[in-house]
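The structure under discussion appears below in the form of structure tokens.
No lab work stands behind these numbers, since they all come straight from the coordinates. What you see is a predicted model, and the numbers here were worked out from it, not measured in a lab. Methodologically, a virtual Cβ is constructed for each residue, glycine included, from the backbone with ideal geometry; neighbour enumeration extends over all protein chains shown.
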Amino acid sequence: MVTAALLIVVLLALAGGLAVFLPRLLRGELGVLREQTSAELTARNADVDRRLQAVVETMDRRLSELDTKVDRRLETATKTTSQIHERLGEVTKATGEMIARAKDLGRLEQALRPPKARGGFGELLLENLLRDRLPRDAYQLQYGFRSGERVDAVIHADQLVPVDAKFPLDNFERMVDADGEAEQELHAKAFARDVKGHIDAIAGKYIRPGEGTYDFALMYLPSEAIYYELVCGKTGALLQYAHEKRVFPVSATTFTAYLQVIAFGLKGMQIERNAQAVMEYCAQLQTDFEKFQEDFELVGKHLSNAQGKYASAEKRLDRFETKLERASEQQAEIAPAEAAAPPPALPRVVDAA
């Protein structure tokens, strides 16, 4: 019991000591932990501050760069907007000019409504095409035949190529402007009749092989729309009819191609004529050379004969020289003998007195 009581007293003492020293120990440990935690927090706060400062600096730099880019974009957008306004002004001006040109074209269309004025305008366009593509001596305007008929133009190839520039447009315009299908069909038939009549007139008036033309003629159409209608439209059968009559429709575009081919052909003919002239000149040179060869051979014969005569004369001259030398030697031998002999006596003259 006493032992148990002592153990209890000791335990109680230990508990009391612990109760006294444990709070102090805990306070010390807590203080140490508080200091360590405070130091770590301070270090972490400093690191966080540095990172935040770096992030803030990066953000400031990028915001500054972004402001610069935005300013540049705004400046570029301002310039582009100014250019767009300028271009819009130019487009507005061009639109106004196009409207004015359209009005002018409307007035020109009104002026060209009379067939005679239209024909004159077509002839003018035809003349411009011929002048731009062919030499001036390769075509002729308003060419007259013996019958009194005059074609708008002829092209001087190996033979004459007649070109007609007049064309009936009234029924074509009515066909294009027609509202209903029935009315359009009616004007299409009238247009076909006009075209057939015009083809017959060209074939009868201008295809004259007896007066130097080819057996075909060109029908110049002043509008690509008319050419398309004639070739591919509802009246496309007219093209076959025209070909049967040896009349070939051409528009401004296709006529340019025709003229280009004709221009190449004219150049080829010119080259052929030049080649023929060169051949004739070469033939003349051959004849002259043969005559010169005959004269040269004759002179050679004369020179050969003269050479033979010269050699013969040279031999004769050598023989004559030899004879002279012999005669000189004989004369030299005779001279001393004559000097030694007394001179002959002179006859005595008697005085008659």
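Brief remarks follow.
- Residue order for TYR139, TYR241, TYR258, fewest other beta carbons within 10 angstrom first, comes to TYR241, TYR258, TYR139.
- Inter-site label distance for GLU280 and GLU35 at 7 Å from Cα along Cβ, in nm: 13.3 nm
- Rounded to the nearest 20 debye, the dipole magnitude of the stretch 115-272 is 460 debye, with +1 charges on Lys and Arg beta carbons, -1 on Asp and Glu beta carbons, and the Cα centre as origin.
- The simple spin-label model puts a point 7 Å past each Cα toward its Cβ; for ASP67 and LYS301 those points are separated by 11.8 nm.
- Three principal axis extents of the stretch 174-265 based on alpha-carbon atoms, in descending order, are 47, 26, 17 Å.
- Reported value for the stretch 234-315: 100 Å³ per residue, from the convex hull of its C-alpha atoms.
- Cβ-defined net charge surrounding ALA225, 13 Å radius [Lys, Arg +1; Asp, Glu -1]: -4
- Oblate is the label for the stretch 213-255, because the ratio a/c of its alpha-carbon gyration tensor axes (a ≥ b ≥ c) is 1.5 or higher and a/b is not greater than b/c.
- Rg in Å to one decimal, and Dmax rounded to a whole Å, for the stretch 113-221 via C-alpha atoms: 16.0, 50
- Shown here for the stretch 118-186: trypsin sites (Lys or Arg not before Pro) in loop regions (DSSP other than H, G, I, E, B) with at most 12 other Cβ atoms within 10 Å, namely ARG146.
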